[in-house]
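Heads up: the structure comes next, in structure tokens.
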Amino acid sequence: MPDNWQSIDLKHLRALRAVAHKGTFWAAAEDLHTSLSTVSDHVSALEALVGQRLVERSRGRRTVELTDAGRLLLTHADAIESRLRAAEADFRAYAAGVSGGLRVGIYQSVANKVLPEVMRRFKARWPDVDVEVTEGDHDTQLVDAVERGALDMSFAIQPIPDGPFEIRELMRDPYVLLVTARSALAWKRPAAADLDDAAMVAYQHGKHQDLAEDFLLGLGVRPRFVFRSNDNGTVQAMVAAGLGVALAPLLAVDEVDTKVRILQLAEPVPPRVVVVVWHRDRYRPPAAAAFVETAIAVAAEIERKHAGFLRALVRRHRQHGSRTPARARRPRRLASRPG
């Protein structure tokens, strides 16, 4: 293999990536705002430098595809591009100094309960730092943005995919069962088995919803999902309306809503683990470190409040249970369920 790797330029790798993503040299040229001949020359030069055919060019076919060698090189090209963007973001942050900006990724339940107090405390100490918040439906997109350098940090849920990340745990967020207040007496001592074939309101598939569903499936429980939404308020409103019950992380729940009752399952549901993530290889200004420490302090306080709330919930249920006989459970034959 020729020793020409030091002659590879970013333009060669960008041409390869564009051809792979667009499927034709013409489309790649349009995407890169350059000519067809330029893209073709860059790919041909890259093939000569690495000593391997990277693009399969077949006569009579409008589209092209990468060879195995091309796909292998593309994985490294994407990583190189990501690191370059992170370096660019680094230098912008370094040039901005103490009065620069901080770009933070967030998702809804953290935005509702954690972020407001974090912002209040952080702005009191760092008034000249502009915080730009980006909300996402799924934290995977936000973590990808951290790797690219599009965000300085993001709140997320474990597990975090492999990558150049530093991770700090903020809190453990317990799951609770939400039922409409009108049927609370029928759910005095709920167990996971009671959810089998029960109508359930749920979130769209993502980490925290999949954690809850995997827990139930692990016990052989298959609810009937009648509605899904990623909006916390909508999920809780549908429960209040009697559409179904919901297994939700407490951070996503409005505890003072009188139209629902918050219960705990007899079986302990593994909590979701909320973390903050940043790029370990990027320059980290003092303001970013201060924001993380502030978030850790606020999350710890919320976690203690949640623990107290759940202890009070258990006491109330025990007191109520000592006065009222337990309801009879309908017989279950989980083994006979269809797969």
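Read-outs: derived from the displayed coordinates by stated rules, not from any lab. If you're wondering where the values come from, they're calculated on a predicted model, not measured in any experiment. Reconstructed Cβ throughout: ideal geometry from the backbone, glycine too, with neighbour counts over all protein chains shown.
A few points about this structure:
- Residues M153, M119, sorted so that the one with the fewest Cβ neighbours within 10 Å comes first: M119, M153
- Proximal lysines to K188, defined as alpha-carbon separation beneath 26 angstrom and excluding residues fewer than eight positions away on the same chain: K259, K305
- Inter-label distance, nm, simple model (7 Å from Cα along the C-beta direction), E293/D9: 4.6 nm
- Potential lengthening between L313 and L219 on full extension [0.36 nm per residue; Cα-Cα distance subtracted]: 31.4 nm
- Exposure proxy ranking, count of Cβ atoms within 10 Å, fewest first, for Y175, Y283: Y283, Y175
- Value of relative contact order over the chain, rounded to a whole percent, pairs C-alpha under 8 Å and six or more apart: 19 percent
- Reported label for calculated semi-axes √(5λ) of the Cα gyration tensor in Å given (i) 46, 35, 20; (ii) 49, 28, 15; (iii) 29, 26, 19: (ii)
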